[in-house]
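The values are calculated or read from the model by the stated rules, or taken from the named source; none is laboratory data. Given the structure is predicted, the values throughout are model-derived calculations rather than measurements. Ideal geometry is used to build each Cβ from the backbone, glycine not excepted, and the neighbour counts take in all protein chains shown.
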Amino acid sequence: MIPPRLAAVATLLWLAASCSATLLPGLGALGAQGRRGMEVVAEWRTVDFVYPSRVVRESAILTGEFVPKNVVVLDVDAYGEGKHQRIFVTTPRLKPGVPATLSELSIEESIVSPKLRPFPSWAWNEQGDCDNLISVFRTSVDQCGRLWVLDSGTVNVFAGADRVCPPKLVVFDLRGRDGAEVVARYTFPKEQREPTTLTITVAVDVRGPDSCRDAFAYVADVTEPAILVYDMRRNRSWRVLSNLLYPYPLHGSFKINGAEFDLMDGVFGMAVGPVMPDGDRRLFFHSLASVRESWVSTRVLRNQSNFADEPIPAVSRLFHVSEPRRTSQAGAEGVDANGVLFFGLLSENALACWNTRLPYVSPNLHIVAKDDKTMQFASGLKVIGRHVWMLSSRFQNVMVGRERPDEVNYRVLVAPIADLVAGTSCAVPGGPLDNLVEVDTGGPLFRPPSAAYGGLSPSGFGSSSSMYFGSTQPSYGPSGLHDALHSHHGYGFSQYTPHPRPGANTQQPSSYHQQHHGSGSGPSASGPSGSGFSGTGPGDSIVFRDPVDRF
Ligand SMILES: *[C@@H]1O[C@H](CO)[C@@H](O)[C@H](O)[C@H]1NC(C)=O
Ligand SMILES: *[C@@H]1O[C@H](CO)[C@@H](O)[C@H](O)[C@H]1NC(C)=O
């Protein structure tokens, strides 16, 4: 149901809200019933750019500067409302022939293959100058009207990955006169990078329109797993390490719509939750090669002295991971003002939600939209106002080198949150932050042996799982907290038997490398084959809490 021409996205959003009542067929494990889909507001087979003239475009094609089939759209962002709404998309330089890496859409022309207008200009997108935008995977618009552009500085990730420039952040003020004034620019220093660092995702933490300068950005390094924290006011950054940022070995194999590949990608999806009553926010994150969700208080991340030298055990225990798992790997994610997390489920071609007030267990994870044709591989996902925006890219085909330029590959999809979550435990009654309590079903993955194996209950939720709640006990939706807490056996944990391995006093040495297969890697670079896990075992070592086959 795609009208050929529509005046503005506002109209499209209105349509999405009023006329799409498609019922979806059986949704499998996560058990949602009939759901509306997401509305496609732009789609492309291959993309084209707005060139100054036809001659310039044709010569770019002749010289190989522009190879249409090599341009992959990866992320989407939007700013403003109604007919002043501006939409941005990224096209990282994964292969040669990508003339610009960040663009704005001229969507009013047509939702079918709207041309990309390089942002903020063609000049900014020229290669060869590290002040320019080299290869942007993802962006983030903050509540101060600024577009945070994370430039990986890395091109040709499918052919050796050339790190032609250091990774950097460039922040544009979208409200100014020309709507593209640079208000900050920061290059991550050498000592915070590793040889194969690849920065792909940025989440911005601003505490309100009155404190725009007090912003922090959290940047995901997917191949040398780490979060880079940038403190805008102090103009400094630091590197944060945690075991939970690594790929999980048994979830490094992907099977998406018939495409099978291995990709040991670490931290990938990230989203900053709303401000909680205690003034703190949580950063949610997950590795691409994983089926668990993690989170850490931003208070921990924002304190640079927590990450001075070696990881401090007390600090690493402040990183949490869900014990239960989702049904497949997830791509990008975003969280709304109510604390509801939205994420793409890659094997299911679906959008799912989790109300972060409730435990991360399957009754609280809902598929809220699914379409096997239009929602393949959510590589971009944003919560913008009261809507979820998704960029689906069929990236699995890029991974296995089976691109189909004759099919629609890239889509921008939008849906109102209220429609998506209706009837699920993601629909939060009351005001945005009522009852936003700290719920922790996970606890740190790695613990001292005594805690790890001292008291596992038959359900698998042993005494080593911290599960504590705030003062209020919310019970939303069909499956409230109470149920979730008291029927663990219903979620597949009854068969849990711990198998501590001999010599399980193991920690991940800093030499841990991910292993790459095939010729390349998606949003990630190829890297050396690594030794995997091996114990180095100093006295104060930490241990896998789970037997390795529970990853
Ligand atoms: C921020 O720090 C970087 C490097 O440490 C420096 O090059 C840059 O000039 C600083 N920017 C501002 C606005 O002070
Ligand atoms: C920051 O971290 C250090 C070291 O972990 C700690 O001593 C200090 O109290 C923290 N500061 C704040 C404001 O939390």
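Remarks
- Residue 356, sole failed condition from (1) buried (at least 24 other Cβ atoms within 10 Å of the Cβ); (2) within 16 Å of ligand 2 (Cβ to nearest atom); (3) hydroxyl-bearing (Ser, Thr, Tyr): (2)
- In the range 158-190, of all residues being in a loop (DSSP other than H, G, I, E, B) and under 22 Å from the mean Cα position of the chain (by Cα), the one that is nearest to ligand 1 (Cβ to nearest atom) corresponds to 188.
- Whichever residue in the range 191-242 is farther than 19 Å from residue 142 by Cα, within 17 Å of the chain's Cα centre (by Cα) and of a type in the set (Asp, Glu) and, among such residues, is farthest from ligand 1 (Cβ to nearest atom): 224
- Long-range neighbours under 7 Å by Cβ, at least six apart or interchain, first residue within 14 Å of residue 231 (Cβ to Cβ) and of a type in the set (D, E, K, R) within the range 280-302, second in a loop (DSSP other than H, G, I, E, B) and within 14 Å of ligand 2 (Cβ to nearest atom): 299/280
- Output for the range 231-242, where each listed residue is within 18 Å of residue 310 (Cβ to Cβ), in a strand (DSSP E or B) and within 15 Å of ligand 2 (Cβ to nearest atom): 238, 240
- From the options 66, 49, 88, residue that is of a type in the set (Phe, Trp, Tyr) and closer than 25 Å to residue 342 by Cβ: 88
- So residue 146, is it surrounded by fewer than 19 Cβ atoms within 10 Å (Cβ to Cβ), within 16 Å of ligand 1 (Cβ to nearest atom) and basic (Lys, Arg): no
- Cross-chain or 6+ apart pairs with Cβ under 6 Å, the range 187-207 first and modelled with pLDDT of 95 or more, then of a type in the set (Ser, Thr, Tyr) and within 16 Å of ligand 2 (Cβ to nearest atom): 205/298
- Residue that is farthest from residue 282 (Cα to Cα) [pool: residues in the range 184-230 that are surrounded by fewer than 17 Cβ atoms within 10 Å (Cβ to Cβ) and within 16 Å of ligand 2 (Cβ to nearest atom)]: 214
- Residues in the range 283-303 include none that are over 25 Å from residue 382 (Cβ atoms) and either within 16 Å of ligand 1 (Cβ to nearest atom) or among the small types (Gly, Ala, Ser) (or both).
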